[in-house]
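Okay, so here's the structure we're looking at.
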C-alpha cells in the first residue's frame, strides 16, 4: 500500500496496482510451490483486468458465484468458469444456462439430487459437476457421508461428476483459521473416499479461501478458490491473513465535519464501504495511516471516527484512506476502481460484473 | 404487501405499488394534518417515479445525500433540492456545484464556519443554507449553542441562512423513538433561539426520520425529511414504525439448498439485501410469509434460514420473499425495481441514482 495519496474525488475506491500485482504473484507462487491449481474467485473484483492478471499468473480458470457473473466473464472472453454455488435452474435460468453452456467450458456446483436433472435438461454442452461438501461452515453443501447419493443422482441424470468442492467459511474467526483448513481437508478426503467407494472418479477436490489457502498441504486439496487475496481488507488484517501493507484497495474519504472534539466525520458510509461488521474487527473499517483511529458509527454517507489517544484529528477537507472490512461488498457498490501507482493515478477499471446477482 | 408472489428471476427486489402509494399518501396526509412541509429523502429510492409520486402527494421538494444525487435528480427535472449533509467542496466538487447551482433551487447543509466561504465562491446562484444541529445522534452537526457562530460565518461569506436541520438517528433503537422525537424538537428550538438572538431569521426547522416523523407535534418542526417510509423494512417493523403489511419492497429468493434438516438456503445475500444487522432486529431480514423463520447467516449470495418450530421448510426451487433490514442499502445494490400490483408484474423502475456517492 503506497503511502502517497492520489488526487481523486471522494468517496472513491482506489487500487494500488503494485500491491495488487504482488498479491496475485504471491498467491500464484504459493500454489505452484505446493502443486495445487488456482481458480480464483472473481466475485471479489468483478473486473476483466484483475482476472487477466490472475490467468497470466497461472490460474486454470475463474470461479464465479452466479450465472450472471459467468455470463459477463464469458462475454469478456473467459472460457473456463466454475459456478461455485448450489445451482438451481428455474425457468428463467434454464434458457440463460443453455446459451452459456454452448459458449464456454462450464463447471457447476450441486448439493442435492433434485438439482441434477434440471441442469442436464437445460445444458447444450453438458457441464462438469462438483458436489458441494459442508466442511463445518454449515451453509450449503452435504456432509461427506451424503455426497455419494448426490453424485449417483448426478451421473443418473447424464452429467459428469468431476469432483467435490467446499468453502471453509468457519475460517472467518480469529484463531480458527488453521483449524478450518484442517476441517476442509478432512471433509474433502472423507467425501472423496465415499464417492470413490460408489464408483466415481474424484479428479478435483476444490477448496480454499483467503484466510485458509496458505495453510493448505499438498495431497488432498487439488484446487484453491480464494477471492479476497487480490485486494485484502480489514477482515483479513484482523484474521492475520495479511499485513496492512498488503492491502491493495482503499476507500478515499474527505473529512467533512469536526464539530465535536472527540470525533471527526468522513463523507463515506455503508454505500461505499459496505455494512459488514463482524464482532472481531475493530470498527467499520481501518484507517491505514491512523491505525489507532476507530470507525465507530457508519451511516449511508457518514463515517464517524474517533482518533487515537496519541494522534490529533485530521482537519476539515483533509483526505484520508479507509480499508473496507469486506472488500467484495465495497467493490460491488461502485462502478469503477481508480488505479494508482507510486502516488499517481493511472486511469480506472470498470467493475463490469457489479450487481450480477441472478 | 400483496400475498400473491409474482414470477420474477431471483434474486430481485419487487415493489408492491399499491402499498407504496398507500405509504406515500399516508405520510403526506399526516404532514398536511399537522401543518408541516414534507421534503422526503430520495436516497432511499433513487428513483424518478417514486419522487414524482412524493411531489404529487404534496412534497415541497426532495432531500438528497450527495452532490451526485442532486445532479441526477436535477437532470431528471426536479428543481428544488436540499443536500442534507455537511457539504464540503473540494476542487472536484466546486466545478460540479457551480454548474448545479445554475440549474436548480438548491439548499445545502453546513456544520462548520470553514465550509461557508468555499460554497459561496463556488456558487453561481447562491444556495440557501441550513445549519446542521446535533440533536443526540452524535454524528455530524453542531450543538444548539454553537449554531449561531456557524450562521454568522455563513452570513459573512455572503450566503443566506434559511434555517436549521437535524437528523434524530438515535431513534433507531426500540423504545427510544418518542424520546428521539422529543430531543429533535428541543435541539431545534434551542438552536432557533440562539440563531434568532444572533439576528438570524429561522424560516426552516427541518427534522424527521421514518421512525420519528409521526411523533412530530406542530409548532417547532416546520419540515420533515423521512426516506424509508415509502418502502419500509425490517428495521421499521422492529422499531414499531410500521406493520409487516406496510412493507412495500421485498427481495425474492429461491430455495437452492436443503441439505440439513434444521435450515434452508436462499440464493440471496448481502449483495442484494445489504449487510445491515443492528442487534435489535431478529436476523438478516424478515420472511413475511414465515415470520417465525430466522435469517441466521448471510454471505454474499447465500442466506441461511431456520424455519420456525411450527412450520415446515420450503422445498427446493420454491420462491420466498425476504424483507431487507435496511431498504436504502438494498435498493442501492440493484439497477432496477420490479413492480407488482395484485399479483402481476407491471414492468420496472430504474434505480437511476444508484451509486452516486460523490
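For the stretch A:237-260, the set of residues classified as closer than 23 Å to residue B:143 by Cβ and free of Cβ contacts under 8 Å to residues at least 12 places away in the same chain consists of A:259, A:260, listed by residue number. When the stretch A:277-292 is limited to residues that are farther than 18 Å from residue B:138 by Cα and within 14 Å of another protein chain (Cβ to nearest Cβ), the one that is surrounded by the fewest Cβ atoms within 10 Å (Cβ to Cβ) turns out to be A:279. Within the stretch A:191-215, can you find the residues that are buried (at least 17 other Cβ atoms within 10 Å of the Cβ) and assigned to a helix (DSSP H, G or I)? Selection gives A:191, A:192, A:194, A:195, A:213, A:214, A:215. Applying the set (1) within 17 Å of residue A:275 (Cβ to Cβ); (2) crowded, with 23+ Cβ neighbours inside 10 Å; (3) touching a strand residue (DSSP E or B) at 6+ places or on another chain (Cβ under 7 Å); (4) at the interface with another protein chain (Cβ under 10 Å from one of its Cβ atoms) to residue B:295 leaves exactly one unmet item: (4). Just one of the listed residues (A:238, A:248, A:261) is touching a helix residue (DSSP H, G or I) at 6+ places or on another chain (Cβ under 8 Å) and more than 8 Å from chain B (Cβ to nearest Cβ), namely A:248. The set of residues in the stretch A:65-85 that are in contact with a strand residue (DSSP E or B) (Cβ under 6 Å, 6 or more places away or on another chain), closer than 20 Å to residue A:209 by Cβ and either within 12 Å of chain B (Cβ to nearest Cβ) or in a loop (DSSP other than H, G, I, E, B) (or both) comprises A:65, A:83, A:84, A:85. In this structure, does residue A:132 turn out to be surrounded by 21 or more Cβ atoms within 10 Å (Cβ to Cβ), more than 17 Å from the chain's Cα centre (by Cα), at the interface with another protein chain (Cβ under 10 Å from one of its Cβ atoms) and modelled with pLDDT of 95 or more? It is true that residue A:132 is surrounded by 21 or more Cβ atoms within 10 Å (Cβ to Cβ), more than 17 Å from the chain's Cα centre (by Cα), at the interface with another protein chain (Cβ under 10 Å from one of its Cβ atoms) and modelled with pLDDT of 95 or more.
Which ones in the stretch B:86-119 are assigned to a helix (DSSP H, G or I) and surrounded by 17 or more Cβ atoms within 10 Å (Cβ to Cβ)? Those that are assigned to a helix (DSSP H, G or I) and surrounded by 17 or more Cβ atoms within 10 Å (Cβ to Cβ): B:93, B:96, B:97, B:100, B:101, B:115, B:116, B:118, B:119. Among the residues of the stretch A:20-40, those that are surrounded by 20 or more Cβ atoms within 10 Å (Cβ to Cβ) and either more than 16 Å from residue A:248 (Cβ to Cβ) or more than 17 Å from the chain's Cα centre (by Cα) (or both) comprise A:31, A:36, A:38, A:39. Applying the set (1) buried (at least 24 other Cβ atoms within 10 Å of the Cβ); (2) away from chain A (no Cβ under 11 Å) to residue B:53 leaves exactly one unmet item: (1). Sub-6 Å Cβ pairs linking a first residue in the stretch A:192-209 that is at positive phi to a second residue that is crowded, with 24+ Cβ neighbours inside 10 Å and outside any loop (DSSP other than H, G, I, E, B), at least 6 apart or interchain, are A:208/A:224, ordered by first then second residue.
Considering the stretch A:130-163 alone, what residues qualify as being part of a strand (DSSP E or B) and over 10 Å from residue A:111 (Cα atoms)? Result: A:160, A:161, A:162, A:163.
Of the candidates A:219, A:182, the single residue that is modelled with pLDDT under 95 and surrounded by fewer than 24 Cβ atoms within 10 Å (Cβ to Cβ) is A:219.
Answer yes if at least one residue in the stretch A:25-35 is out of contact with any helix residue (DSSP H, G or I) (no Cβ under 6 Å at 6 or more places or on another chain) and either within 14 Å of another protein chain (Cβ to nearest Cβ) or within 30 Å of residue A:122 (Cα to Cα) (or both), and no otherwise. Looking for residues that are out of contact with any helix residue (DSSP H, G or I) (no Cβ under 6 Å at 6 or more places or on another chain) and either within 14 Å of another protein chain (Cβ to nearest Cβ) or within 30 Å of residue A:122 (Cα to Cα) (or both), one finds none in the stretch A:25-35, hence no. Looking at residue B:141, is it facing chain A (nearest Cβ under 9 Å) and in contact with a helix residue (DSSP H, G or I) (Cβ under 8 Å, 6 or more places away or on another chain)? No: the conditions fail for residue B:141. Can you tell me which residues in the stretch B:211-227 are within 17 Å of residue B:21 (Cβ to Cβ) and touching a helix residue (DSSP H, G or I) at 6+ places or on another chain (Cβ under 6 Å)? If the condition is that a residue be within 17 Å of residue B:21 (Cβ to Cβ) and touching a helix residue (DSSP H, G or I) at 6+ places or on another chain (Cβ under 6 Å), then B:226 is the only one that fits.
Restricting A:314, A:288 to those that are more than 23 Å from residue B:355 (Cα to Cα) and either assigned to a helix (DSSP H, G or I) or modelled with pLDDT of 95 or more (or both) reduces the list to A:288. Residues in the stretch B:243-276 that are buried (at least 22 other Cβ atoms within 10 Å of the Cβ) and part of a loop (DSSP other than H, G, I, E, B): B:247, B:248, B:259, B:267, B:268, B:269, B:274, B:275, B:276. As a summary of the residue check, residue B:300 satisfies the conditions (1) in contact with a strand residue (DSSP E or B) (Cβ under 8 Å, 6 or more places away or on another chain); (2) modelled with pLDDT of 95 or more; (3) not in a strand (DSSP E or B) except for the one numbered (1). Of all residues in the stretch A:307-358 being more than 14 Å from every other protein chain (Cβ to nearest Cβ) and either surrounded by 24 or more Cβ atoms within 10 Å (Cβ to Cβ) or in contact with a helix residue (DSSP H, G or I) (Cβ under 8 Å, 6 or more places away or on another chain) (or both), which is nearest to residue A:275 (Cα to Cα)? Top of the filtered list is A:323.
The residue that is surrounded by the most Cβ atoms within 10 Å (Cβ to Cβ), counting only those in the stretch B:66-85 that are without any contact (Cβ under 8 Å) to a residue 60 or more places away in the chain and under 14 Å from residue B:206 (Cβ atoms), is B:85. When the stretch A:140-162 is filtered for residues that are under 23 Å from residue A:124 (Cβ atoms) and either free of Cβ contacts under 8 Å to residues at least 24 places away in the same chain or surrounded by fewer than 24 Cβ atoms within 10 Å (Cβ to Cβ) (or both), the ones remaining, listed by number, are A:153, A:155, A:156, A:157, A:158, A:159, A:160, A:162.
The values are calculated or read from the model by the stated rules, or taken from the named source; none is laboratory data. Here the structure is a predicted model, which means the values were calculated and not measured. No Cβ is skipped: glycine too gets one built from the backbone with ideal geometry, and neighbour counts run over all protein chains shown.
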